[in-house]
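Visitor: First the structure, then my questions, so here it is.
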């Protein structure tokens, strides 16, 4: 199978947007406003934090905010020069700052971000754990969610509970495994297409 | 109703490296455009993050609400269009209108055989 035709190719997975559960966008935005736009999206790896942050940013931009985004990766204990300019320079009340992976920052760097971004209209972060800023939303996944996404991407139902459990609810990693499964043509053998696990 | 298209002369969609692509970009917009340009680029799809390389961009000055512009683009020598297990590389011509990042894309194949190069995978597919 060509990589571009794999139903679990990244460009297709990225088309799946965050599905709010237990709340609505209106409620989420109202809560963010109540938190003075300084809040955290919390959850483990592969639970949709980054996707939700992107979707939130798009909605805030649609409301006229100037959204400025920086992303930290594993081991980034401080902001690099570009990230510093993005998050700390020339801030105005119309700026909403999005910082993905804030838990990576060292204590001093986080303190600097927290204090120097007060001139902005808001700071929304993602973090693997709560406590850096008030939690706006805790990102969760379920076997049903994975089954729904797999069904949408592959257009077939598949037993996914064991896959979900094996990856500890990390949907991103589960979908990567399915990419490999499809690539080797073993989906039909190992995936046992069946009515979706919903 | 708003629409945009990129049409290649004679309906061709596969080219040799270094060949020249000719065609027309046409559009009808609901809102005025500040800029309109044609971009030639390659992009990857597959398991990892997507990469994109914009090779050239051709601005169309003073775009009207309804317009039609001819273009002539020389393709580079590479990379070739290919697909393997982990990654595919494809080429496209895209008309992009701002504001709003309105876009219309036409995919093309660029290779010495005019066909996407398939890297042997030894797998079903």
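Just so it is clear, none of the values below were taken in a lab; they were calculated from the coordinates. Since this is a predicted model, take the numbers as computed values, not measurements. Glycine also receives a Cβ, built like all others from the backbone with ideal geometry; neighbour counts cover every protein chain displayed.
Visitor: Name the one entry in B:69, B:114 that is closer than 11 Å to residue B:36 by Cβ and either within 11 Å of chain A (Cβ to nearest Cβ) or in contact with a strand residue (DSSP E or B) (Cβ under 6 Å, 6 or more places away or on another chain) (or both).
Guide: Testing whether each residue is closer than 11 Å to residue B:36 by Cβ and either within 11 Å of chain A (Cβ to nearest Cβ) or in contact with a strand residue (DSSP E or B) (Cβ under 6 Å, 6 or more places away or on another chain) (or both) leaves just B:69.
Visitor: Name the residue that is nearest to residue B:111 (Cα to Cα), counting only residues in the range B:4-55 that are in a strand (DSSP E or B) and within 14 Å of chain A (Cβ to nearest Cβ).
Guide: The qualifying residue nearest to residue B:111 (Cα to Cα) is B:42.
Visitor: Across the range B:58-86, what is the number of residues that are in contact (Cβ under 8 Å) with a residue 60 or more places away in the chain and exposed (fewer than 15 other Cβ atoms within 10 Å of the Cβ)?
Guide: Looking only at that region, the number is 2.
Visitor: Residues of the range A:84-110 being more than 21 Å from the chain's Cα centre (by Cα) and surrounded by 20 or more Cβ atoms within 10 Å (Cβ to Cβ), which ones?
Guide: Scanning the range A:84-110 gives no hits.
Visitor: Follow-up question, since we're still on this one. Just for helices (runs of 4 or more DSSP H) wholly inside the range A:1-83: which have at least 1 residues that are within 17 Å of the chain's Cα centre (by Cα) and within 14 Å of another protein chain (Cβ to nearest Cβ)?
Guide: It comes to A:10-13, A:49-62.
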